[in-house]
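Take a look at the structure below.
No lab work stands behind these numbers, since they all come straight from the coordinates. All values reported here derive from a predicted model rather than from experimental measurement. Every residue, glycine among them, receives a Cβ derived from its backbone with ideal geometry; neighbour counts consider all protein chains shown.
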Amino acid sequence: MVGTQVWLYTLLGISVLVEAKKNPEVHVTTCLISGNCVLPCRFQPSARDIISWYRQEVLLLSSSNHSSQLQHGERVSLFEEKVASGNASLLLNHCTFQDRGKYRCHVNSTVTNQESFVLLRVEAPMQFLSLKIAQPEIQQLNCSSQGIYPAPHLQWSTEPPLPLQALRPITRMAADRSGLYSVRSSLTMVGSSANYTYICTVNASYGTQTWKASLRKKEDMTGTVGQALTIPCFAPRDMTNFTLTWTFMRDQQPSTILTYSSGTKEMNNDWSHQARVDKTQARSGNGSLRLWNLMNQENAGTYTCTFSATQSTHTVLTSISIISTAKATSYARIWIITLVVIALFLLGIALLVYAKQKGVFYSWRLMSEPADHSEAGGTTQMQTMETEQATASADPDNSQP
């Protein structure tokens, strides 16, 4: 009976070993640079287990009866308290680029041999994505990020859509001495910048991250001293849990107007005496800024509205000029005069069309031909004189004695 059980266990072990070699487990694990990483390995525990970890077939660690022997560095270890339950996962501390590669977990037990593989990828994720107008005079946009590994993928788009050949971006990517990549791409805005939203999207090579930054430069606006003005700004439809920030730039000196968090519903307003954003509308993505009691130079400049969310930003820039009440009145008079002139011009065209339809031009043409009428009148007069002469010659009373 005992012999039969031994044979059964032996056959079971052989079958498990053959099956394990036929279909070994393969895990793909992505770890962050300089972080700690866990390489998974599970096995069927027995009374005596020998755990071995290899990297590129070079022994890293060997553990027997819960005692480990490091063969390659001090950065690897097992979770000793979990080995008895069949967890032979490897802890790798302070991951580096050199740790990439193929790892093998081998467990030799009294029952069978088990092994699995781990493909380790090391990544330095993006921490930011910047999209700015670098050269306002030529409307050039710059999209950039740095400290990334492996090399990311950058692409441009617009809303409404424009073909890529119309954008013609220039993208440069390079790695520093540590192997981390920086990427910078630039393009010149097409036509009127107010007509398009420019979108820069950067994807990680392993597909673990997607960052997006968008920017739109609105048409310039004009305010009047002492009056109120609303600067529109709306978040993208797919953006949630955002932070809204309004800033003001004049003479290259930036200042923060206010910030609002859609998560906490809190607002910090440094311009509470002159500016506000409606909280109720802001929660739904309407971050329009209301200014009142405008001052001539103090409020003239560039107003920037930025919606920031996880791995996404949307920026709207609006330039504001302030004019005096007298100028505003003068501009209003000019507009009124211009409208009156246009109305009179259109009325004149309408009268000409009407006159042409009624045949007045024909009468004018007849009146413009006096020579013909004079000739016709002379002929009639001569005919009358000839008739009188004929009558006189025929009357005997009128003959000479």
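Report the full-extension gain for the segment residue 173 to residue 353: residue separation times 0.36 nm, less the Cα-Cα distance, to one decimal in nm. Mind showing how you got there, number by number?
Values: separation 180, 0.36 × 180 = 64.80 nm, distance 6.57 nm.
Gain in length upon complete extension: 58.2 nm.
What whole-number volume per residue, in cubic angstrom, does the convex hull of the C-alpha atoms of region 218-323 give?
Values: hull volume 9.8 nm³, N = 106.
Considering the Cα atoms of region 218-323, their hull volume per residue is 93 Å³.
What's the center-to-center distance, using Cα atoms, between region 83-112 and region 116-152 in Å?
After rounding, the separation between the Cα centres reads 32 Å.
If you take the square roots of the eigenvalues of the alpha-carbon gyration tensor of region 227-269 and sort them as a ≥ b ≥ c, do you get rounded (a/c under 1.5), prolate (a/b over b/c) or oblate? Mind showing how you got there, number by number?
Working: a/c = 1.90, a/b = 1.61, b/c = 1.18.
Taking the square roots of the gyration eigenvalues as a ≥ b ≥ c, region 227-269 is prolate.
In what order do 110, 313 fall by count of nearby beta-carbon atoms within 10 Å, going from fewest to most?
110, 313
State whether region 189-238 is rounded, prolate or oblate according to the following rule on the C-alpha gyration tensor (a ≥ b ≥ c being the square roots of its eigenvalues): a/c under 1.5 gives rounded; otherwise a/b larger than b/c gives prolate, and the remaining case gives oblate.
On the way: a/c = 4.61, a/b = 2.39, b/c = 1.93.
Prolate is the answer for region 189-238, as a/c is 1.5 or above and a/b outweighs b/c.
Of 310, 259, how do they rank once you tally other Cβ atoms within 10 Å and put the fewest first?
Lowest to highest Cβ neighbour count: 310, 259.
Pairs of Cα atoms under 8 Å, at least six residues apart: use those to get the relative contact order of region 85-216, whole percent.
Values: 232 pairs, mean separation 28.2, N = 132.
It comes to 21 percent, rounded to a whole number.
Quick check: residue separation of residue 81 and residue 97 times 0.36 nm, minus the Cα distance between them. What number comes out in nm?
2.9 nm
Summing Lys, Arg as +1 and Asp, Glu as -1, what charge do residues with Cβ under 15 Å from the Cβ of residue 182 carry, residue 182 excluded?
On the way: positive: 172, 177, 184; negative: 176.
Around residue 182, the surrounding residues sum to +2.
I'd like the distance between the alpha-carbon centres of region 191-207 and region 266-320, rounded to an integer number of Å.
For region 191-207 versus region 266-320, the Cα centre distance is 23 Å.
Assuming R0 = 56 Å, what is the FRET efficiency of residue 134 and residue 341, from their Cβ-Cβ distance, to the nearest 0.05?
Values: r = 43 Å, r/R0 = 0.77.
Computed FRET efficiency for residue 134 and residue 341 comes out at 0.85.
Mind computing the radius of gyration and Dmax over the alpha-carbon atoms of region 105-220? Å is fine for both.
Cα-based Rg and Dmax for region 105-220 come out at 20.7, 80 Å.
Apply 1/(1 + (r/R0)^6) to the Cβ-Cβ distance of residue 268 and residue 206, taking R0 = 30 Å, and write down the FRET efficiency to the nearest 0.05.
Values: r = 38 Å, r/R0 = 1.26.
The pair residue 268/residue 206 has a calculated efficiency of 0.20.
If I take R0 = 25 Å and measure r between the Cβ atoms of residue 238 and residue 188 in this structure, what FRET efficiency does the formula 1/(1 + (r/R0)^6) give, to the nearest 0.05?
Working: r = 27 Å, r/R0 = 1.09.
Once the sixth-power term is evaluated, E becomes 0.40.
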